[in-house]
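The values are calculated or read from the model by the stated rules, or taken from the named source; none is laboratory data. The structure displayed is predicted, hence computed values, not measured ones. So basically every Cβ, Gly included, is an ideal-geometry build from the backbone, and we count neighbours across all protein chains shown.
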């Protein structure tokens with residue numbers, strides 16, 4: 001855990017959401033619905049490969065290799081392995097990207113957002129498609145693709161906890177975040193500002209562990225992205241969406 005001091009507002013901050021290599025647009029409702037193979041839409045709306053990707057040696061390396069290596073997470077909104085047919089928004093996005101390049105896909109499942117970035121940095125994968133948000137703290141080292149969805153930060157909490165209007169009302173509390181996430185970077189950054197609210201940041205390996213922690217009373221508050229918050233509330237009435 002780390003201690004941070006944060007200023008009040010949460011929900012008004014909008015963030016472009018993307019998989020680093022998710023280069024196709026899709027209907028916004030896709031992430032919250034698991035399509036049966038026979039119900040799957042015929043096509044996704046393709047957009048051009050990011051110019052930044054075209055200008056790097058990676059594109060030539062991928063086409064020469066014949067395989068696009070993708071770091072991903074096992075999460076409902078990202079990638080769900082299945083012996084019949086894997087599913088997930090970013091699974092479909094990267095699959096269509098590879099199809100357009102004329103190559104196969106090798107999915108490398110990692111344990112956390114931090115591990116996804118490390119896999120890219122170590123050149124073990126070509127890109128990460130792991131429900132990532134554009135993180136200003138990482139833009140010097142990583143190139144982000146065009147976003148396919150705009151989300152906001154949301155504070156979620158257990159049903160037996162009061163819903164705060166802003167962070168100031170939970171001063172001194174512990175807030176869980178996915179390790180290495182843009183939410184963690186944001187809390188740490190605003191925690192360094194003058195007159196920030198004192199908070200303790202608890203790093204969790206992934207979003208699912210946070211949701212389970214809230215459901216079982218091990219986590220009282222967590223900061224996540226709005227689409228994850230909506231899914232959490234849809235899966236369990238024990239999770240309440242705050243500001």
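Evaluating residue 120 against the criteria (1) within 18 Å of the chain's Cα centre (by Cα); (2) not assigned by TED's automatic domain parsing to the domain that holds residue 87 leaves one unmet condition, (2). Give me the pairs, please: first residue somewhere in segment 159-172 and assigned by TED's automatic domain parsing to the domain that holds residue 217, second residue anywhere and in a helix (DSSP H, G or I) and surrounded by 13 or more Cβ atoms within 10 Å (Cβ to Cβ), beta-carbon distance under 7 Å, and either six or more positions apart or on two chains. From segment 159-172, the pairs are 164/170. Taking segment 135-151 as the range and being over 18 Å from residue 89 (Cβ atoms) and touching a residue at least 40 places away in the same chain (Cβ under 8 Å) as the test, the residues that pass are 135, 136, 137, 138, 142, 143.
Whenever a residue of segment 178-193 is touching a residue at least 60 places away in the same chain (Cβ under 8 Å), its partners that are assigned to a helix (DSSP H, G or I), lying with C-beta atoms within less than 6 angstrom and at least six residues away or across chains, give the pairs 178/113; 178/207; 179/114; 180/113; 180/114; 181/113. Residue count for segment 67-88 satisfying the condition of being under 11 Å from the mean Cα position of the chain (by Cα), in a strand (DSSP E or B) and either crowded, with 24+ Cβ neighbours inside 10 Å or not assigned by TED's automatic domain parsing to the domain that holds residue 102 (or both): 1.
Can you find, within segment 173-190, the residue that is farthest from residue 202 (Cα to Cα) among those that are outside any helix (DSSP H, G or I) and touching a strand residue (DSSP E or B) at 6+ places or on another chain (Cβ under 7 Å)? Ranking the qualifying residues of segment 173-190, first place goes to 173. In the set (1) touching a strand residue (DSSP E or B) at 6+ places or on another chain (Cβ under 6 Å); (2) closer than 22 Å to residue 89 by Cα; (3) modelled with pLDDT of 85 or more, the condition left unmet by residue 201 is number (2). If you go through segment 67-97 and pick out every residue that is farther than 16 Å from residue 112 by Cα and either in contact with a strand residue (DSSP E or B) (Cβ under 7 Å, 6 or more places away or on another chain) or touching a residue at least 40 places away in the same chain (Cβ under 8 Å) (or both), you end up with 16. Do we have any residue at all in segment 160-177 that's within 18 Å of the chain's Cα centre (by Cα), crowded, with 18+ Cβ neighbours inside 10 Å and on the phi > 0 side of the Ramachandran plot? No, because not a single residue in segment 160-177 is within 18 Å of the chain's Cα centre (by Cα), crowded, with 18+ Cβ neighbours inside 10 Å and on the phi > 0 side of the Ramachandran plot.
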